[in-house]
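Note sheet for the following structure.
The values are calculated or read from the model by the stated rules, or taken from the named source; none is laboratory data. Model, not experiment: these values are computed from the prediction. With ideal geometry, Cβ positions are generated from the backbone for all residues, glycine too; neighbour counts draw on all protein chains shown. Side chains are part of the model used for accessible areas, which takes the heavy atoms of the whole protein and leaves out ligands, DNA and RNA. Shrake-Rupley method; radii C 1.70, N 1.55, O 1.52, S 1.80 Å.
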Amino acid sequence: AAAENRYGRTYRYTAGLTEPADITGGYLLARSDTAKAKQDAANGFVTARGCAMNVQSPAWCGRDAMAYISEYYQEFEDAVYAQDADGNYTGYNAQTGKYYYEYCDLTSLVQAYLMQSLSGNSDAFYSSFFFYKDVDGIMYAGPVWDMESTCGGGWSGIITADNDFIDSRYLAEALTKIPGFRAAVSNY
């Protein structure tokens, strides 16, 4: 079935499931192929920026669970893309009063960015990009998955000295403009 979360975004859920008492975690999210711009698993959602996210685990989610995880991820995306009046990326979701790293672990984001960038992964931030979230915890970027198109291998052979194409992709395009994220990458 389909429903809308409080941000007006449609999500797909499995009707008739008994929801667990705690719906705050136990999720594995995977970015779907951007060309489709729709989730293609049993349960998932599309963000305000057109990013299709599949819920890989649990394989079946009820309405409340899907509302929760789709709203959580939307708040994270909104924080990553937030800008001040001058157009500077802040990483701060003014609606919730939280920074992007309060939704997703900063170290894991830095590691995922560096892994994708240093390997020249042609799928970087495009498809096969995962997040997981445990009960009562924040989200983490990862696990690393589907890396056969890295280091010039696979179908693309796209690795270059600078890999600027990665910095123009979903999430990376905004993360790399947040001063704190750039500093964390440099420090790591």
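Look at (1) assigned to a loop (DSSP other than H, G, I, E, B); (2) modelled with pLDDT of 95 or more and you find that Glu148 fails only one, number (2). Considering only residues in segment 76-97 that are of a type in the set (D, E, K, R) and crowded, with 17+ Cβ neighbours inside 10 Å, the one that is nearest to Thr47 (Cα to Cα) turns out to be Glu77. Residues of segment 151-184 that are at pLDDT 85 or above and either surrounded by 17 or more Cβ atoms within 10 Å (Cβ to Cβ) or hydroxyl-bearing (Ser, Thr, Tyr) (or both): Leu171, Ala172, Ala174, Leu175, Thr176, Lys177, Ile178, Phe181, Ala184. The one condition from (1) buried (at least 17 other Cβ atoms within 10 Å of the Cβ); (2) closer than 15 Å to Phe130 by Cα that Tyr68 does not meet is (2). Residues in segment 18-33 that are surrounded by fewer than 21 Cβ atoms within 10 Å (Cβ to Cβ) and over 15 Å from Cys51 (Cβ atoms): Thr18, Glu19, Pro20, Ala21, Asp22, Ile23, Thr24, Gly25, Gly26, Leu28. In the set (1) modelled with pLDDT of 95 or more; (2) outside any helix (DSSP H, G or I), Asp64 fails one condition alone, (2).
Could you grab me the full set of residues in segment 15-33 that are more than 17 Å from Glu71 (Cα to Cα) and polar (S, T, N, Q)? Of everything in segment 15-33, those that are more than 17 Å from Glu71 (Cα to Cα) and polar (S, T, N, Q) turn out to be Thr18, Ser32.
Of the residues Cys51, Cys104, which single one is open to solvent by less than 20 Å² (accessible area, probe 1.4 Å) and in contact with a strand residue (DSSP E or B) (Cβ under 6 Å, 6 or more places away or on another chain)?
Cys104
Report yes if Asp123 is modelled with pLDDT of 95 or more and either farther than 17 Å from Phe76 by Cα or surrounded by fewer than 21 Cβ atoms within 10 Å (Cβ to Cβ) (or both), otherwise no. Answer is no for this residue.
Being at pLDDT 95 or above and either in contact with a helix residue (DSSP H, G or I) (Cβ under 6 Å, 6 or more places away or on another chain) or within 20 Å of Gly50 (Cβ to Cβ) (or both) is a description that applies to Gln95.
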